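Below is one structure, written out as structure tokens, with a few remarks after it.
Read-outs throughout are calculated quantities, based only on the coordinates presented, and are distinct from any laboratory measurement. Every value quoted in this text rests on a predicted model; they were computed, and no experiment measured them. Every residue, glycine as well, gets a Cβ built from its backbone with ideal geometry; the counts of neighbours run over all protein chains shown.
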Amino acid sequence: MRTTSRYRAVARMIVAIGVVSLVAACSGNGGATGGGDTGGYPDQNITFVVPFSAGGPTDTVTRMIAEPMGAKLGAQIVVQNVEGAGGTVGAGEVARAEPDGYTVLMHHIGMSTAPALYQDLGFKPLEDFEMIGLVTEVPMTVVARKDFEPATLQDLVTYVKANADKVTLANAGIGAASHLCGLLFQTAAGVKLQEVPYEGTGPALTDLVGGQVDFMCDQTTNTSGQISAGEVKAYAVTTPERVKSLPDVPTAAEAGLPQLEVSVWHGLYVPKGTPQDVVQKLTEALKVALADQKVIDQMAKLGTAPVPAGDATPQVHRAKLEEQLGTWSKVIADAGVKAS
Ligand code: ASP
């Protein structure tokens, strides 16, 4: 079985660099500035840090918006995967980066769960970042290897209860969306399973398709293709409504587990202290990317959509994070989960 070591304290950093946009630096804003003058921003490549593996859902959404954002900014955007510890390694790296707008973090709901889970997180979500704006809110799916015995979500509950010692549940590390959804599932089912952590659900899904793990929760942005192709078995979506692109997959509530409701909101961050005009340029570029028909179409195919334009702002993003930090700290405290 290809897995990462469980809950590693110092996560290995694997960097996969992909150039997603090669746009001539033609913004016409003048040359390099420095010394606090950001009028020329951007005048070099911008790095978008994804705190999970390449090929997974966070990576997929990042690459979708990086191209139109780079075009709007007149800069090349490079995607860098800085994995480990449920997304906290990459987030910490961006928190400590130069606040100059050249290092941007894409993170998801995990930003709001990390403080309750990790004792020595090394960054404070509300204090160490400037928010750029929300990006998308993605439904999750409960999926299994295609030859896994249970046929429905109810069957799955019965089966895992009877076989708790041998069933394996994959996730992308403590605090990852897959971990949270798995936690909700186990709480609802009243069972404790053997969890298999990866550094992203890209590799976890590969192992699921290969039959090395039994089941997991993951965003539709990663699972849609395999569900449609019949490469995995889909039990439910975790949103109140069915997902248009997966019309045959029932909601968890329809399938008898209404407690299993979670969707994965994503947002862009830069380090605290990044000049406001730079934040504003990034927000404007994000809005342009989210209005791009190609992005809308790509997201729709994968079961999601850009947030409404009004939510792609620092204010709405900050308010969302504040609200979610409160919600998840309670869920996590009630569940008694800790990262180490
Ligand atoms: N879907 C993952 C999670 O569980 C993250 C990823 O690989 O993008 O949070």
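Could you work out the helix-only [θ] at 222 nm for the chain, with each DSSP H run of four or more residues adding -39,500 (n - 2.57) and the total divided by the number of residues, to the nearest 500 deg cm²/dmol?
Values: 10 runs with 116 residues, N = 340.
Result for the chain: -10500 deg cm²/dmol, rounded to the nearest 500.
GNM, the chain, Cα, under 10 Å: largest mean-square fluctuation among P139, P203, P258?
Highest fluctuation of the listed residues: P258.
Of the candidates A66, A85, A253, which one comes out as most mobile in a Gaussian network treatment of the chain with C-alpha springs shorter than 10 Å?
A253
In Å, the Kirkwood hydrodynamic radius of the stretch 100-157 over pairs of distinct alpha carbons?
This gives a value of 15.3 Å.
Report, in debye and to the nearest 20, how large the dipole of the chain comes out about its Cα centre when Lys and Arg carry +1 and Asp and Glu carry -1 on their Cβ.
For this selection, approximately 420 debye.
Pairs of Cα atoms under 8 Å, at least six residues apart: use those to get the relative contact order of the stretch 64-141, whole percent.
Answer for the stretch 64-141 is 20 percent.
Could you name the lysines in cross-link range of K192, using Cα to Cα under 22 Å and dropping any fewer than eight places away on the same chain?
K161, K166, K233, K330, K338
Cα gyration tensor of the stretch 195-311, axes a ≥ b ≥ c as square roots of the eigenvalues: rounded (a/c below 1.5), prolate (a/b > b/c) or oblate? Walk me through the intermediate numbers first.
Values: a/c = 2.11, a/b = 1.71, b/c = 1.23.
It is prolate, given that a/c is not under 1.5 and a/b is the larger ratio.
I'd like the distance between the alpha-carbon centres of the stretch 200-220 and the stretch 267-334, rounded to an integer number of Å.
With the stretch 200-220 and the stretch 267-334 each reduced to a Cα centre, they are spaced 26 Å.
How many times 2.2 N^0.38 Å is the alpha carbon radius of gyration of the chain?
Numbers: Rg = 19.6 Å, N = 340, 2.2 N^0.38 = 20.2 Å.
Normalised by 2.2 N^0.38 Å, the Cα Rg of the chain equals 0.97.
Is the stretch 280-333 rounded, prolate or oblate when judged by the Cα gyration tensor, a ≥ b ≥ c being the square roots of its eigenvalues, rounded requiring a/c under 1.5 and prolate requiring a/b larger than b/c?
oblate
When the chain is fully extended, how far beyond the present Cα-Cα distance does T158 get from E98, taking 0.36 nm per residue of separation?
Numbers: separation 60, 0.36 × 60 = 21.60 nm, distance 5.09 nm.
Separation in residues times 0.36 nm, less the Cα-Cα distance, equals 16.5 nm.
Scattering from the C-alpha atoms of the stretch 181-264 alone, worked out with Debye: what is log10 I(q)/I(0) at q = 0.13, 0.18 1/Å?
The computed values of log10 I(q)/I(0) come out as -0.41, -0.80.
Assuming 0.692 mPa s and 37 °C, estimate D for the stretch 114-253 with Stokes-Einstein, Rh taken as the Kirkwood radius over Cα pairs, in µm²/s.
Calculated translational D: 208 µm²/s.
For the chain, what's the relative contact order in percent, using C-alpha pairs closer than 8 Å and at least 6 residues apart?
26
Put a dot 7 Å past each Cα toward the Cβ at D277 and K294; how far apart are the dots in nm?
Spacing of the two 7 Å Cα→Cβ label points: 3.0 nm.
Hey, got the dipole for the stretch 74-223? About the Cα centre, +1 on K and R Cβ, -1 on D and E Cβ, debye to the nearest 20?
Charge dipole of the stretch 74-223: 420 debye, to the nearest 20.
Which whole-number percent is the relative contact order of the stretch 107-229 (Cα, under 8 Å, 6+ apart)?
Values: 147 pairs, mean separation 40.6, N = 123.
Computed over the stretch 107-229, the figure is 33 percent.
For each of M140, M64, count neighbouring Cβ atoms within 10 Å of the residue's Cβ, then give the residues from fewest to most.
M64, M140
Would you look at the GNM of the chain, springs on alpha carbons closer than 10 Å, and say which of V279, V288, V138 moves the most?
Of the options given, V288 has the highest mean-square fluctuation.
Using Cβ counts within 10 Å as a stand-in for footprinting exposure, how do V331, V213 rank, fewest first?
Lowest to highest Cβ neighbour count: V331, V213.
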